[in-house]
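Asks: Below you will find the structure I want to go over with you.
The values are calculated or read from the model by the stated rules, or taken from the named source; none is laboratory data. It should be emphasised that the depicted structure is a prediction, and the values quoted were computed from it without experimental measurement. Ideal geometry is used to build each Cβ from the backbone, glycine not excepted, and the neighbour counts take in all protein chains shown.
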Amino acid sequence: MMDKRRFALIGAAGYVAVRHMQAIKAVDGDLVVALDPNDSVGVIDRYFPSSDFFVEFERFDRHVDLLRRRGEAVDYVSICSPNYMHDAHVRFALRSDADAICEKPLVLNPWNIDGLAELQESTGRRVSTILQLRHHPSIVALRDRVSRSRETHRVELTYVTSRGRWYGISWKGDERRSGGIATNIGVHFFDMLVFVFGAVRRNHVHLREDDKMAGFLELERATVPWFLSIDRGDLPDGLAEDQTTFRSITVDGEAFEFSGGFTDLHTVSYESILAGDGFGLEDVRPSIEIVSQLRNAPLEPTAGERHSRLRDMKA
């Protein structure tokens, strides 16, 4: 009988960390140690009450090293920390002789991927990232359908997920730490679009503000005007009063619906990673290149390519 894989978790108090705990439990793994500067981590009791826990990275680092020297090393370090810390925490995992499983965005800039590739090669360990939309049955089916045609499709993406004043105060509101709107709330959509419709040919940004962005992607098999916002004022009229998120993706004028089927996607991701089929550094590179370019590219207000949602915005 194979011993349980041993996991460490960085960012245990984050909202997405519970999905990683569920996935580790589902794959019969053991969370042996966790880290978060915030000690509101009672959720651990539901899954791994015997896990060690630290609020200081230095003590966590020492403990992980002690386990390694005892012959009880962790096999994987799962990373759910703020975006700007991902690169350093992946490096920590590899140097601790463990594989890394990192939430998206893996890093903020494509040159960070190059550095991780060198370290991955020298340590012999592997970096995997969570791109759970690539496992969604509806998205896989759409990809299969697109791959069988030679058409260039028209895709429109609108995603509004309203955030309160806290957002601007937190690390998420700081572009240097989060990567900005396109990275923080859009990178998984950009990855999905490349996964389905192929490589990027053009990448323009028409609107770039602290709380919203809009642009135009030309992919191998699609043109994609897109709009992302955390401004409640951009929610369409007619929504329920308590509805704070609006997502619309259309393909050739038809709504593409994939709201369901998200429950177990982190578990599916972990199963693939443990089987050696996870998504690695080169899989994530296209979406990181997209969001990095969007942060730095000059605005190009080409009227013919603006997203239709922009025409409905209040002056």
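Asks: Condition first: polar (S, T, N, Q) and touching a Pro at 6+ places or on another chain (Cβ under 9 Å). Now tell me which residues in the stretch 68-116 satisfy that.
Replies: Correct list: N83 only.
Per-residue answers, yes or no, for (1) without any contact (Cβ under 8 Å) to a residue 60 or more places away in the chain; (2) surrounded by fewer than 17 Cβ atoms within 10 Å (Cβ to Cβ):
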{"site": "L35", "(1), (2)": "yes, no"}
{"site": "D39", "(1), (2)": "yes, yes"}
{"site": "R46", "(1), (2)": "yes, yes"}
{"site": "F60", "(1), (2)": "yes, no"}
{"site": "V64", "(1), (2)": "yes, no"}
{"site": "R69", "(1), (2)": "yes, yes"}
{"site": "L94", "(1), (2)": "yes, no"}
{"site": "D97", "(1), (2)": "yes, yes"}
{"site": "I101", "(1), (2)": "no, no"}
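Asks: Please go through the stretch 35-92 and give me each residue that is of a type in the set (G, A, S) and out of contact with any helix residue (DSSP H, G or I) (no Cβ under 6 Å at 6 or more places or on another chain), ordered by number.
Replies: Answer for the stretch 35-92, where residues must be of a type in the set (G, A, S) and out of contact with any helix residue (DSSP H, G or I) (no Cβ under 6 Å at 6 or more places or on another chain): S40, G42, S50, G71, A88.
Asks: Given R143, R134, which one is in a helix (DSSP H, G or I), within 18 Å of the chain's Cα centre (by Cα) and modelled with pLDDT of 95 or more?
Replies: R134
Asks: Could you list, in sequence order, all residues of the stretch 20-57 that are part of a strand (DSSP E or B) and of a type in the set (D, E)?
Replies: Of everything in the stretch 20-57, those that are part of a strand (DSSP E or B) and of a type in the set (D, E) turn out to be D30, D52.
Asks: Give me a count of the residues in the stretch 236-249 that are in a loop (DSSP other than H, G, I, E, B) and closer than 23 Å to E175 by Cβ.
Replies: Summing the residues that are in a loop (DSSP other than H, G, I, E, B) and closer than 23 Å to E175 by Cβ in the stretch 236-249 gives 1.
Asks: A follow-up question, please. Here are F60, F7: which of them is farther than 18 Å from I130 by Cβ and touching a strand residue (DSSP E or B) at 6+ places or on another chain (Cβ under 7 Å)?
Replies: Unique residue meeting the criteria: F60.
Asks: Could you please let me know if L106 is part of a helix (DSSP H, G or I) and at pLDDT 95 or above?
Replies: The answer is no for L106.
Asks: It is to be established whether one or more residues within the stretch 229-239 are touching a residue at least 24 places away in the same chain (Cβ under 8 Å) and touching a helix residue (DSSP H, G or I) at 6+ places or on another chain (Cβ under 7 Å).
Replies: yes
Asks: Follow-up question, since we're still on this one. What's the total number of residues in the stretch 225-284 that are within 16 Å of D191 (Cβ to Cβ), among the acidic types (D, E) and in contact with a strand residue (DSSP E or B) (Cβ under 9 Å, 6 or more places away or on another chain)?
Replies: Total satisfying the criteria: 1.
Asks: For the stretch 210-221, which positions are surrounded by fewer than 19 Cβ atoms within 10 Å (Cβ to Cβ) and touching a helix residue (DSSP H, G or I) at 6+ places or on another chain (Cβ under 8 Å)?
Replies: Listed by number, the residues that qualify are D210, D211, E220, R221.
Asks: Based on what the data block shows, is E121 among the acidic types (D, E) and free of Cβ contacts under 8 Å to residues at least 24 places away in the same chain?
Replies: The answer is yes for E121.
Asks: Are there any pairs with C-beta distances below 9 angstrom linking a residue in the stretch 124-153 that is without any contact (Cβ under 8 Å) to a residue 60 or more places away in the chain to a residue that is in a strand (DSSP E or B) and surrounded by 20 or more Cβ atoms within 10 Å (Cβ to Cβ), with the two at least 6 apart or on different chains, and if so which?
Replies: R125/D99; R125/A100
Asks: Looking for whichever is within 20 Å of the chain's Cα centre (by Cα), modelled with pLDDT under 95 and either surrounded by 12 or more Cβ atoms within 10 Å (Cβ to Cβ) or not β-branched (V, I, T) (or both) here; the options are S272, S248. Which one fits?
Replies: Going through S272, S248 in turn, the sole match is S248.
Asks: Can V224 be described as surrounded by 11 or more Cβ atoms within 10 Å (Cβ to Cβ), part of a helix (DSSP H, G or I) and touching a residue at least 12 places away in the same chain (Cβ under 8 Å)?
Replies: no
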